[in-house]
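Presented below is the structure to which this report refers.
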There are 2 protein chains.
Amino acid sequence: MARRHDAPKDKQPKAPLYDTSVATPNHGERSRTLVSSVDTATLCSVARKPEGHPYGSFVTYALDGPTPVFLISHLAEHTRNLLVDCRCSLLVAEPGEGNPLARGRVTLVGRCEQLSGAEMESAREAYLKAHPSAEFYIDFRDFSLWGLRVESARYIGGFGNMSWIDEEGWSTGEPDPLVAVRDRIVEHMNEDHEDAMAAMCRAFSKANEFSSVKMTAVDRYGFEMSVELPDGPRPIRLAFDNAAGNANEARVELVRLTKRARTQLEAAD
Amino acid sequence: MARRHDAPKDKQPKAPLYDTSVATPNHGERSRTLVSSVDTATLCSVARKPEGHPYGSFVTYALDGPTPVFLISHLAEHTRNLLVDCRCSLLVAEPGEGNPLARGRVTLVGRCEQLSGAEMESAREAYLKAHPSAEFYIDFRDFSLWGLRVESARYIGGFGNMSWIDEEGWSTGEPDPLVAVRDRIVEHMNEDHEDAMAAMCRAFSKANEFSSVKMTAVDRYGFEMSVELPDGPRPIRLAFDNAAGNANEARVELVRLTKRARTQLEAAD
């Protein structure tokens, strides 16, 4: 449970318009999804000078299973730091528009090690797949592959939506299968199916007097919308009947829910 | 002087096509320009648990003179860390497209302090100007304004272009006056004036056999282009006669250099 900001009475959060027990990705899954869909981050290491000072540097990374891997030069500050003290964290922020504090971010906390043997080969493949232009310098003698052994993770999904995740939560969290198609689904729904979303909101949430509705997110378990009320936008989340593993399965679930919503609204008329 | 990567002979950097003693913003100026044109970053603090571990978190900031200022909650990990250990750094990365390692980034190293009195009032104004939506919660009792006292800065402008900057270099570096108009200038030159840029490259650089040229950057001291040669793109930088303080002055300088280039090319014919 997130602690609440110490807000004056007139700025307290409003009661949700939907059943918040709805199926939702857990924070381990959300973290893995976010980290797998981005490829740049800040690596925080312990500086040699001033000694012990936290030092942030920009890095590119790839995920090899649950392990973020880096191709870094022994000339770089962060590599020289890690050679003395392997403790580090990696901050990955979700790109996007609008209020930056409403977007997701993850801090992976652990230790960084230079990789060798089969782990190095696997990291090399993952890194080059994510960053093909590194082929040019991956064999320079000052570069090597490192892996971050994640010990815990801090997930922040936006305002008041955050938690600590342990090693198991991180390593077993599966990236969402819709990650590559979610933007396309959201765009399609907003362009062509506002009427369907309005029906689902009326049938399955407490939102009635809204002037417009748009989809803001979709994942294997369901989708999120923003309805425009007289006093501002409010979120709605609805669950699919069955988890969707690809774009077609998500479409089937959306069509099913729309039909059920319309049937229910007609019956209530 | 940047140390060189340990590259095989066939991948050594090529000799530049322009006079590299050309007027160029120094790294203090480039750092201030970059940090003043972005408003989100990673704050690296010292974790309470695991104790001493470097911890990266996402923050929004504003610059109040040379001081980055933050509006942060006592509920947040970074604030709780700073209350125990004020040592921190702030990593600001330049947004953009293309190879992320070719873009600029700055690490500001120093100590973070909660602000009070006139400093707090000044920080409040700067922060709200950059982040107007914070008006909603700036008076919540768990939020306070903090400032990062910069002691040194690490600037990385892209591949092999980096240095440490001391406190004076940071605090006296002026943000480039063209920062708000530079994208528009670059776009205009690339849409309408490739012929002018080609003339300047032929007259004032060693680039001749290029198939195209585009502007990539402009600052008060001059501008940068990329010429397409048979073996790939190469950079050219040319200086203005007089530093340009606004878009009109930059236009005057570009017109003057174009005329001089054409006169010189005609004379050589």
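Read-outs: derived from the displayed coordinates by stated rules, not from any lab. This structure is a prediction, so every number in the text was calculated from the model and none was measured. Using ideal geometry, Cβ is built from the backbone for each residue, glycine included, and neighbour counts are taken over all protein chains shown.
Which ordering of A:Lys259, A:Lys14 is given by a fewest-first count of other beta-carbon atoms within 10 Å?
With the fewest neighbours first, A:Lys259, A:Lys14 line up as A:Lys14, A:Lys259.
Restricting to DSSP loop positions (anything but H, G, I, E, B) with no more than 15 other Cβ atoms inside 10 Å of their own Cβ, which GluC sites (Glu not before Pro) remain in segment A:164-269?
A:Glu209
Could you please rank A:Asp166, A:Asp142, placing first whichever residue has the fewest other Cβ atoms within 10 Å of its Cβ?
Arranged by neighbour count, lowest to highest, A:Asp166, A:Asp142 become A:Asp166, A:Asp142.
Could you work out the local net charge near B:Leu178, counting Lys and Arg as +1, Asp and Glu as -1, over the other residues with Cβ closer than 12 Å to its Cβ? Kindly include the intermediate steps, with their values, before the conclusion.
Numbers: positive: B:Arg182, B:Arg184, B:Arg220, B:Arg251; negative: B:Glu29, B:Glu174, B:Asp176, B:Asp183, B:Asp219, B:Glu249, B:Glu253.
That works out to -3.
Mind grabbing the base-10 log of I(q)/I(0) for the protein assembly as shown at q = 0.07, 0.12 Å⁻¹? Debye formula, identical points on the C-alpha positions, no solvent, two decimal places.
Normalising to I(0) and taking log10 leaves -0.48, -1.25.
Within 10 Å of each Cβ in peptide A:87-94, how many partner chain Cβ atoms are there on average? Round it to a whole number, please.
Going residue by residue through A:87-94 and averaging, the value is 5.
In degrees, nearest 10, range 0 to 90: what is the angle between the Cα axis of helix B:247-268 and the longest Cα principal axis of chain B?
Compared with the principal axis, the helix lies near 20 degrees.
Using only the Cα atoms of segment A:182-268, build the gyration tensor, take square roots of its eigenvalues as a ≥ b ≥ c, and label the shape rounded, prolate or oblate: rounded if a/c is under 1.5, else prolate if a/b is larger than b/c, else oblate.
oblate
Could you list A:Lys206, A:Lys9 in order of exposure, starting from the residue whose Cβ has the fewest other Cβ atoms within 10 Å?
On the way: A:Lys206 13, A:Lys9 5.
With the fewest neighbours first, A:Lys206, A:Lys9 line up as A:Lys9, A:Lys206.
Per-residue Cβ counts within 10 Å, from other chains only, averaged over B:38-46: what number is that?
6
Under 10 Å, Cα contacts only: if you run a Gaussian network model on chain A, which one of A:Ser163, A:Ser205, A:Ser21 comes out with the highest mean-square fluctuation?
For chain A, modelled as a Gaussian network with Cα springs under 10 Å, the answer is A:Ser21.
Once every DSSP H run of n ≥ 4 in chain A is given -39500 (n - 2.57) and the sum is divided by its residues, what mean residue ellipticity at 222 nm do you get, rounded to the nearest 500 deg cm²/dmol?
Rounded to the nearest 500, the figure is -9500 deg cm²/dmol.
How would you order B:39-45, A:94-100, A:147-153, A:41-47 from highest to lowest mean count of nearby Cβ atoms within 10 Å?
In decreasing order of mean packing, B:39-45, A:94-100, A:147-153, A:41-47 become A:41-47, B:39-45, A:147-153, A:94-100.
Got a sec to turn the phi values of segment B:116-124 into Karplus ³J(HN,Hα) couplings, 6.51 cos²θ - 1.76 cosθ + 1.60 with θ = phi - 60°, whole Hz, x for Gly and Pro?
8, x, 5, 4, 5, 4, 5, 5, 4
Among A:Lys49/B:Lys206; A:Lys214/B:Lys214; A:Lys9/A:Lys214, which pairs are too far apart, with a Cα-Cα distance over 32 Å?
A:Lys49/B:Lys206; A:Lys214/B:Lys214
Tell me, what ³J(HN,Hα) does each residue in segment A:76-88 have, in order and in whole Hz, if you take phi through Karplus 6.51 cos²θ - 1.76 cosθ + 1.60 with θ = phi - 60° and put x for Gly and Pro?
Computed from phi, the couplings for segment A:76-88 are 7, 3, 5, 5, 5, 5, 5, 5, 8, 9, 7, 5, 7 Hz.
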